[in-house]
Amino acid sequence: MLMQGFANFMWLLSLALIVFSGFALVDAAIRREDAYRAADKKTKPFWLIILGLAFIVNLIFNILSFLPIIGLIATIVYMVDVRPALRQITGKGGGGRRGGSSSDGPYGPYNGGR
C-alpha cells in the first residue's frame, strides 16, 4: 500500500517535470531570436537544444536518476532568468510599461530633444 502511494507520487512528479520542461521548450520556441541577443542570454538555438534535451530526458529516464535533475535545473534557469529578461525586452511582462506611450523611453517620455 505504501509503495503504491510512493509510485503514484513519483509518477505525478515525473509528469509535472515533463509538463514544466515542455512549457519552457514551447515558450523558448515562440520567442524572437533578436530578443535573446538583446537580453544577452545566449542564443535561441542554444536554449532550444538545452530545453529539448531536458524534455526528452524527462520522457525517457526515471525521476530518481540524475539526468532529469540536470534537466530540471536547466529548465529552472530558463524560467527564472532567461524568460523574464525576454519578456521585458519584448514588452510582454507583468512589470512592463503600463499606460505609457509608444514614445516613452526607459527614463520617461521622449520629447524629441525639446
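Across region 1-97, counting alpha-carbon atoms alone, Rg and Dmax equal 15.5, 54 Å.
Computed in the context of the full set of protein chains, the accessible area of region 1-77 at 1.4 Å probe radius has 79% of its extent on carbon or sulfur.
Tell me, what is the per residue accessible area of region 1-74 in Å², probe radius 1.4 Å?
Details: 4890 Å² over 74 residues.
Result: 66 Å² of accessible area for each residue.
The values are calculated or read from the model by the stated rules, or taken from the named source; none is laboratory data. These numbers come from a predicted model, not from an experiment. For accessibility, only protein heavy atoms count, side chains too; no ligands or nucleic acids. Shrake-Rupley method; radii C 1.70, N 1.55, O 1.52, S 1.80 Å.
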